[in-house]
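Have a look at the structure below, then the notes.
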Amino acid sequence: MVLLLFIRHGQSESNVNKILSHDINGYPLTNEGKLQAKKTADELKKIRISKIFTSPVLRAYQTASIIGNELGIIPIIDDRLRERGLGELNNKKFDPNDHWKLKLTKGQIEVKGLESWDSMKKRLSEFVYSLADNDCAIVVVSHYDPIRALIGYILDLDDLSAYGISLPNASITTVEFEKDKNMFKIHSIGSPIISQSLLSKLNRYIITINT
């Protein structure tokens with residue numbers, strides 16, 4: 001079995017300014033985002049982490065690098081973890097109280113070049129299956145929509161049905177995959193910490209310190 005700890009990137013300048021962007025460069029982490037990444041790294045020290053994979057997008061790569069520095073692991077870039085392709089919405093401001101996703105679903109707007117939900121589900125599930133032969137815990141740094149799409153893949157949810165999934169910046173979503181049974185198990189979604197309750201379910205991945 002492989003344990004995947006999906007981390008949404010820390011707070012970025014695009015989050016603060018309510019800007020949508022799939023650009024590789026630009027919109028780095030804020031100081032708050034860097035602190036969030038450090039706190040998440042401290043939580044991840046509870047688990048015996050073997051590898052870190054990250055989206056190539058700057059805000060995710062910075063988050064992975066902060067975590068990697070704390071854990072002594074160099075992050076590996078995987079393009080399948082990139083931000084949702086936003087088409088003509090790229091680098092546009094949005095109003096969270098009048099969300100573009102709801103407008104799109106209701107047919108009130110059209111967005112040319114927007115990456116589909118199925119496309120995200122496909123690339124994220126392919127990423128997971130590519131790691132299925134590992135028997136360890138792996139950190140995966142990505143973005144809100146791609147992580148939400150993987151949850152949608154596991155639970156068979158469409159984009160709107162998964163609309164209410166909350167994934168705060170630097171939060172932890174824990175997914176275990178057993179290749180022989182082709183079985184997923186979600187242990188946490190958007191959690192700020194790795195709780196004692198969760199650790200009790202993940203004892204095979206926990207770092208044991210002899211005293």
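Which condition from (1) assigned to a loop (DSSP other than H, G, I, E, B); (2) without any contact (Cβ under 8 Å) to a residue 60 or more places away in the chain; (3) in contact with a Gly (Cβ under 8 Å, 6 or more places away or on another chain) is the one that Lys121 breaks?
(1)
Please enumerate the residues belonging to region 89-123 that are in contact with a strand residue (DSSP E or B) (Cβ under 8 Å, 6 or more places away or on another chain) and either among the acidic types (Asp, Glu) or closer than 28 Å to Arg48 by Cα (or both).
Glu115
For region 31-72, what are the residues that are farther than 24 Å from Glu126 by Cβ and in contact with an Asp or Glu (Cβ under 6 Å, 6 or more places away or on another chain)?
Ala41
Surrounded by fewer than 17 Cβ atoms within 10 Å (Cβ to Cβ) and in contact with a helix residue (DSSP H, G or I) (Cβ under 9 Å, 6 or more places away or on another chain): does that describe Gly113?
Details: surrounded by fewer than 17 Cβ atoms within 10 Å (Cβ to Cβ): yes; in contact with a helix residue (DSSP H, G or I) (Cβ under 9 Å, 6 or more places away or on another chain): yes.
Spelling it out, Gly113 is indeed surrounded by fewer than 17 Cβ atoms within 10 Å (Cβ to Cβ) and in contact with a helix residue (DSSP H, G or I) (Cβ under 9 Å, 6 or more places away or on another chain).
For region 96-109, does any single residue satisfy the condition of being exposed (fewer than 12 other Cβ atoms within 10 Å of the Cβ), modelled with pLDDT of 90 or more and among the small types (Gly, Ala, Ser)? Step through it out loud before you land on a result.
Quick first cut of region 96-109, residues exposed (fewer than 12 other Cβ atoms within 10 Å of the Cβ) only: 96-98, 106-108.
This time we only want the ones that are modelled with pLDDT of 90 or more, so: none.
Within region 96-109 (the criterion being exposed (fewer than 12 other Cβ atoms within 10 Å of the Cβ), modelled with pLDDT of 90 or more and among the small types (Gly, Ala, Ser)), the answer is no, since none of the residues qualifies.
Conditions tested, residue by residue: (1) within 16 Å of the chain's Cα centre (by Cα); (2) without any contact (Cβ under 8 Å) to a residue 40 or more places away in the chain; (3) closer than 23 Å to Leu202 by Cβ.
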| site | (1), (2), (3) |
| --- | --- |
| His143 | yes, no, no |
| Arg148 | yes, yes, yes |
| Ile151 | yes, yes, yes |
| Leu160 | no, no, no |
| Ser166 | yes, yes, yes |
| Ile172 | yes, no, yes |
| Lys181 | no, yes, yes |
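Specify which of the listed residues (Leu167, Leu157) is modelled with pLDDT of 95 or more, in a loop (DSSP other than H, G, I, E, B), buried (at least 16 other Cβ atoms within 10 Å of the Cβ) and touching a Ser or Thr at 6+ places or on another chain (Cβ under 7 Å). Steps first, please.
Numbers: Leu157 fails: touching a Ser or Thr at 6+ places or on another chain (Cβ under 7 Å).
Unique residue meeting the criteria: Leu167.
Show me the helices (runs of 4 or more DSSP H) entirely contained within region 1-111 in which 3 or more residues are in contact (Cβ under 8 Å) with a residue 60 or more places away in the chain and under 14 Å from Asn169 (Cα atoms).
31-44, 58-71
Just the residues that are within 26 Å of Ala41 (Cα to Cα) and part of a loop (DSSP other than H, G, I, E, B), please, taken from region 170-202. I'd like the intermediate steps shown before the answer.
So the first thing to find is which residues in region 170-202 are within 26 Å of Ala41 (Cα to Cα), and the list is 170-178, 184-202.
The answer is Ala170, Ser171, Pro192, Ile193, Ile194, Ser195, Leu202.
The values are calculated or read from the model by the stated rules, or taken from the named source; none is laboratory data. Worth saying up front: this structure is predicted, and the values here are computed from it rather than measured. No Cβ is skipped: glycine too gets one built from the backbone with ideal geometry, and neighbour counts run over all protein chains shown.
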